[in-house]
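Trainee: Sharing a structure below in structure tokens format, with a few things to ask.
What follows draws every value from the coordinates through simple rules; no lab data is involved. Here the structure is a predicted model, which means the values were calculated and not measured. Cβ sites come from the backbone with ideal geometry, for glycine too, and all protein chains shown count toward neighbours.
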Amino acid sequence: MKTFDELLIDLHACEEAKAWAQGMTIEQVVASVERGDWLLWLAKKIDIPKRPLTLAKARCAKTVIHLMKDERSINAVNLAEEYGLSDEVSEDDLRKAAADAADAATYAAYAAYAAYAAAAAYADALSKNQLQTAEICREVLGKMIIARVNELLTN
């Protein structure tokens, strides 16, 4: 049986994540990780279904929706959440919203980075947001990640 450490190597996880998770089980990792981006990365790498993954990503994005100035970006986040919650939103609807928001997001990302880079409280805000998004990912994806990783480790 493979270990979680070995799976992270196989998945090409970053060195920081591998060092942090060293010797832990997937249950321990999901329970204690303080970075939602790591759980989202793992969920994508182990093929968690698209709708729950999109729901988690949308809810993580909603933690910073107040910083979004372009309505196309806000609409894309809201549509992504709706896609994650129901079958009424199609993948085509999701793609169109993402395309509409792509230009806005590119420019907004540069502006947000510049603004935050200048702020003294950036590191603290980033850390709080990473913890908040980890809680979201635990709630939405935690059980699915654990089940899928355990399946991969036994095969």
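Trainee: Determine the calculated [θ] at 222 nm for the chain from helices alone, applying -39500 (n - 2.57) to every DSSP H run no shorter than 4 residues and normalising by the residue count; nearest 500 deg cm²/dmol.
Mentor: The helix contribution divided over the chain gives -25500 deg cm²/dmol.
Trainee: Could you give the DSSP H helices of the chain that reach 30 angstrom or more along their long axis (alpha carbon positions) and whose average Kyte-Doolittle hydropathy is no lower than -1.0?
Mentor: 91-118, 122-154
Trainee: Another question, then. Using modelled backbone amide H atoms (1.01 Å from N, in-plane), which distant-in-sequence or interchain residues come within less than 5 Å of GLU34's amide H?
Mentor: Under 5 Å from the amide H of GLU34: no residue qualifies.
Trainee: Charges on Cβ only, +1 for Lys and Arg, -1 for Asp and Glu, centred on the Cα centroid of the chain; of GLN22, ILE74, THR63, which one is farthest towards the dipole's positive end?
Mentor: GLN22
Trainee: Give the total of Lys-Lys pairs in the chain with Cα-Cα distances below 22 Å; include a pair only if its members are 8 or more places apart or on different chains.
Mentor: 26
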